Amino acid sequence: MLKVYEILKSPERPQKKLALAFEQRQKSRLKTSLTDGTEVALFLERGVILRDGDCLKSEDGIVIGVKAAPEPVSTAHHDSMLQIAKAAYHLGNRHVQVQINQGWVRYSQDHVLDQMVTGLGLKVEREVAPFEPEAGAYGTHSHSHGESL
């Protein structure tokens, strides 16, 4: 089993890939498998959120690229960015993680939230897609990763 303690400060060309849903990318301790089936154990600094495109390094030097895995999400569309902003505000007011792009806002599937957003005039599409929510004003991780956990 590969053991990972380090997030690389600058991306390198990955030798292997690790696809994780957003909930898994928030865990500092995780036993899972790479896309090729190799078992891997993550031992990362607490509070780290892995992002699509991050690179990890195993204790034996293998570089592993992180991918945001497709997962059940709701994507709400509207032509008006004002309506998108209002929906993002109301979702954020409920402490819901959101991914915002031109013409849409995405969040983890929840039928109650879907009804609220539909009530704000957006068209909600339930789908399976990668979910990469906003990091927030204070960022995701510091990239000061050492061996001490």
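The values are calculated or read from the model by the stated rules, or taken from the named source; none is laboratory data. Bear in mind that the values here come from a model prediction, so they are computed numbers and not experimental data. Here the Cβ is made from the backbone with ideal geometry for all residues, glycine too, and neighbour counts use every protein chain on show.
Tabulated results
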| item | result |
| --- | --- |
| Output for segment 16-28, where each listed residue is closer than 19 Å to GLY61 by Cα and exposed (fewer than 14 other Cβ atoms within 10 Å of the Cβ) | LYS17 |
| Within segment 92-149, considering residues that are closer than 15 Å to ILE49 by Cα and hydroxyl-bearing (Ser, Thr, Tyr), the one modelled with the highest pLDDT | TYR138 |
| Search result, residues across segment 90-127 that are part of a helix (DSSP H, G or I) and either of a type in the set (A, V, I, L, M, F, W, C) or surrounded by 13 or more Cβ atoms within 10 Å (Cβ to Cβ) (or both) | HIS90, LEU91, GLY92, VAL112, LEU113, ASP114, MET116, VAL117, THR118 |
| Residue match in segment 19-34 (condition: of a type in the set (Ser, Thr, Tyr) and either touching a Pro at 6+ places or on another chain (Cβ under 7 Å) or touching a residue at least 40 places away in the same chain (Cβ under 8 Å) (or both)) | yes |
| Strands (runs of 3 or more DSSP E) within segment 30-87 that include 3 or more residues aliphatic (A, V, I, L, M) | 39-43, 63-68 |
| Test: residue in segment 42-50 that is under 22 Å from GLU125 (Cβ atoms) and touching a His at 6+ places or on another chain (Cβ under 6 Å) | no |
